[in-house]
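Chemist: Here's a structure for you.
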Amino acid sequence: MSTRQDRIKGFLKEEISEIIRREIKDPRLGFVTITDAEVTKDLRHAIIYISVMGDEKQKNDSLSVLQHASGFIRKEFGQRAAMKVIPDIHFKFDTAVAHGSRIFELLQQVKTDEKE
């Protein structure tokens, strides 16, 4: 990954987090955390990885709200970024966070079992 892609990735994470927190007022939107971002080499597409606290319904509702608002988020990002091309923004769940949490739980369980 190029240095430019890295800078844009960091800027995307920072600015989209801010846009979600301050601009999107949908009550279905849960507690969303931007965990990572990927940008294609041509900078035309960006995948924003999110983590949402709550049950499956809250997670799916939050993802739906973000997907629906992606055009608005892209426009807001475009106003903040000095770029010729503003990437199309796509949201996906970050499964690594849930996977890591599950591994931690299993390790804690093994540790408890060993003590007994």
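Values in this text are rule-based calculations from the coordinates and carry no lab data. Keep in mind that this is a model prediction, so the values were computed, not measured. When we count neighbours, we look across all protein chains shown, and the Cβ atoms used for this are built from the backbone with ideal geometry, even at glycine.
Chemist: Under 5 Å between amide H atoms, partner at least 5 residues away or on a different chain: which partners does D88 have, H built in plane at 1.01 Å?
Modeler: Here H45, A46 satisfy the definition.
Chemist: In addition: Go ahead and set up a Gaussian network model of the chain, Cα springs under 10 Å, then flag whichever of V85, V39, V52 fluctuates most.
Modeler: V85
Chemist: Moving on. Which of the chymotrypsin sites (Phe, Trp or Tyr not before Pro) across the range 1-62 are loop residues per DSSP, with 13 or fewer other Cβ within 10 Å? Mind showing how you got there, number by number?
Modeler: On the way: sites: F11, F31, Y49; in loops: F31.
Answer in residue order: F31.
Chemist: Apply the Kirkwood formula to the range 3-115: the hydrodynamic radius equals the inverse of the mean of 1/r over all pairs of different alpha-carbon atoms; give it in Å with one decimal.
Modeler: On the way: mean 1/r = 0.0653 Å⁻¹.
Kirkwood radius, the range 3-115: 15.3 Å.
Chemist: Can you list the HN-Hα couplings for the range 71-87, worked out from phi with the Karplus curve (6.51, -1.76, 1.60; θ = phi - 60°), rounded to whole Hz and with x for Gly and Pro?
Modeler: Each residue of the range 71-87 in turn: x, 4, 4, 4, 4, 4, 4, x, 6, 8, 9, 9, 10, 5, 10, 9, x Hz.
Chemist: Moving to a separate point now. Report ³J(HN,Hα) in whole Hz for each residue of the range 89-105, in order, from the Karplus equation J = 6.51 cos²θ - 1.76 cosθ + 1.60 where θ = phi - 60°; Gly and Pro get x.
Modeler: In residue order, the calculated couplings are 10, 10, 10, 9, 6, 8, 7, 5, 5, 5, 5, x, 5, 5, 4, 4, 4 Hz.
Chemist: Still on this structure, please answer the following. Specify the inter-centroid distance of the range 59-95 and the range 1-36, based on alpha-carbon positions, in whole Å.
Modeler: Rounded to whole Å, the Cα centres lie 8 Å apart.
Chemist: Which of I47, I16, I103 moves most in a GNM of the chain, Cα contacts under 10 Å?
Modeler: I103
Chemist: Give the residue list of trypsin sites (Lys or Arg not before Pro) in the range 6-95 that are DSSP loop and have at most 11 other beta-carbon atoms within 10 angstrom. Please list the in-between numbers first.
Modeler: On the way: sites: R7, K9, K13, R21, R22, K25, R28, K41, R44, K57, K59, R74, K75, R80, K84, K92; in loops: K25, R28, K41, R44, K84.
Filter output for the range 6-95: K25, K41, R44, K84.
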